[in-house]
Amino acid sequence: MGLRPLLVLFLLMQSVVMLFFCDEGVNFATQTGITASRSNIKFFKHNDMEDLERLLEEQAVVDKMNAKKAKVVRRFLVVEGLYMNYGDICPLPELVALKHKYKVRLFVEESLSFGVLGERGRGVTEHYGVLVDEIDLIVASLENAMAVIGGFCCGKSYVVDHQRLSGVGYAFSASLPPMLASAAIAVLDKMENDREMFHILQQNCTLMHKKLSSIPGIVVDGRAIAPIKHLRLKGLENRSREHDVTILEKIVQEAERKGVALVVARYLDNKEHKLPKPSIRLAVNSGLSEKELESVIEVLKNVISNVIANDLVYSITKIPNKRCAVNTFCKFFLMN
């Protein structure tokens, strides 16, 4: 269901000539949406504004060579507010500046940032203090922070009017069941009236990030205030992806035995534009107490240390040059 709002929105754009400048780190739903629109797509490096400006500058040169064609092309920057696959936040002020400089429209996918970032949970615009009017299109699923189904799209009036008139989702899909609609309204009321909830969430996220970063053998991806945390293995080089996934799965299994439920992030390996590195993906919430967070950290610290140590010992037994392997083993733990 989380895929539907994006598919409906991007399929609307098949009737016009579109050009998307898309962050290569966007989630699979966004990738599928822009691919289904059959538009031209140019990916820029994740959160790299220099690479994005390079692509925009190159396109500006092409447009000058064929001004007549350029007039009918609609150009969009496509980013996520809070990236599902990395746990970091888009540099919205810089994106807005590039939007105005190169005359493109800005599309922000806020499925994970809505209900999380900002003093009232209003998303990445509130987090940065950027006016919502600066964003041409905002779309989000309601399945994450709000725990219901469906989604929403908002933007300039002419964009919303176009969606109402042309969207197959608007014409042929049913509305939310009354129970889920009531639940969504109740969540919105709570977001508006309980700002302390977001303060607690940011405290929990920051504490979790700090504690996780102190665990040897892993690196924590993402911003400290973001609830999405990716735990990736670090240290030894030239490992295969399959090997890293196996180690992470062992960590998940051992943690589960000790009462902590985790999951290894899963991807459609052959369909992702850029396949993220293997990781354990965590989601922090405001309902966790400091004691519970400390308990989780302690379990993870012990489990990760044991699993990585056992894997290194097993690897040493398979390496002919034992002295070199032992030195590598010692170097790993001294570095971490």
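The values are calculated or read from the model by the stated rules, or taken from the named source; none is laboratory data. If you're wondering where the values come from, they're calculated on a predicted model, not measured in any experiment. Quick reminder, even Gly has a Cβ in these numbers, built from the backbone with ideal geometry, and neighbours come from all protein chains shown. Keep in mind that these areas ignore ligands, DNA and RNA; they rest on the heavy atoms of the full protein, side chains included. Shrake-Rupley method; radii C 1.70, N 1.55, O 1.52, S 1.80 Å.
For a straight C-alpha distance cut-off of 23 angstrom, the lysines reachable from Lys68 (same-chain residues fewer than eight places away being disregarded) are Lys42, Lys99, Lys101, Lys103.
Distance between Cα centroids, the range 12-80 to the range 99-132: provide it in whole Å. Taking the Cα centre of each part, the range 12-80 and the range 99-132 sit 19 Å apart.
The mean sequence separation of alpha-carbon pairs under 8 Å and at least six residues apart, normalised by the residue count of the range 95-186, gives a relative contact order of 20 percent.
In summary, the lysines within cross-link reach of Lys210, defined as a Cα separation below 30 angstrom excluding same-chain residues under 8 places away, comprise Lys45, Lys190, Lys229, Lys234, Lys250, Lys258, Lys274, Lys277, Lys291, Lys301, Lys331.
Quick one: compute the contact order of the range 75-143, relative version, from alpha carbon pairs under 8 angstrom and 6+ residues apart, as a percent.
On the way: 115 pairs, mean separation 22.3, N = 69.
In percent, rounded to a whole number, it is 32.
Residues whose amide H comes within less than 5 Å of that of Ile218, counting only those at least five positions distant or on another chain, are Lys234 (H built at 1.01 Å from N in the peptide plane). Only Lys, Arg, Asp and Glu carry charge here, each on its Cβ (+1 for the first two, -1 for the last two); on that basis the range 35-93 has a dipole of about 620 debye about its Cα centre.
Could you report the range 123-280's accessible area per residue, 1.4 Å probe, as an integer in Å²?
Values: 8910 Å² over 158 residues.
Ligands and nucleic acids excluded, the result is 56 Å² per residue.
Which percent of the accessible heavy-atom area of the range 78-198 goes to carbon and sulfur, probe 1.4 angstrom? Ligands and nucleic acids excluded, carbon and sulfur give 59 percent.
Partners of Lys71 within straight-line reach, counting aspartates and glutamates whose Cα lies under 16 Å from its Cα and excluding those fewer than 8 residues away in the same chain: Asp63.
Take every Cα pair under 8 Å in the range 29-163 that's 6+ residues apart, average their separations, divide by the length, and report that relative contact order as a whole percent. If you can, show how the numbers build up before the last one.
Values: 176 pairs, mean separation 21.3, N = 135.
Across the range 29-163, relative contact order equals 16 percent.
Of the GluC sites (Glu not before Pro) in the range 84-138, the ones in a loop by DSSP (not H, G, I, E or B) with at most 16 other beta carbons within 10 Å are Glu119.
Extension gain for Val132 to Ser175 (0.36 nm times residue separation, less C-alpha to C-alpha distance): 12.9 nm.
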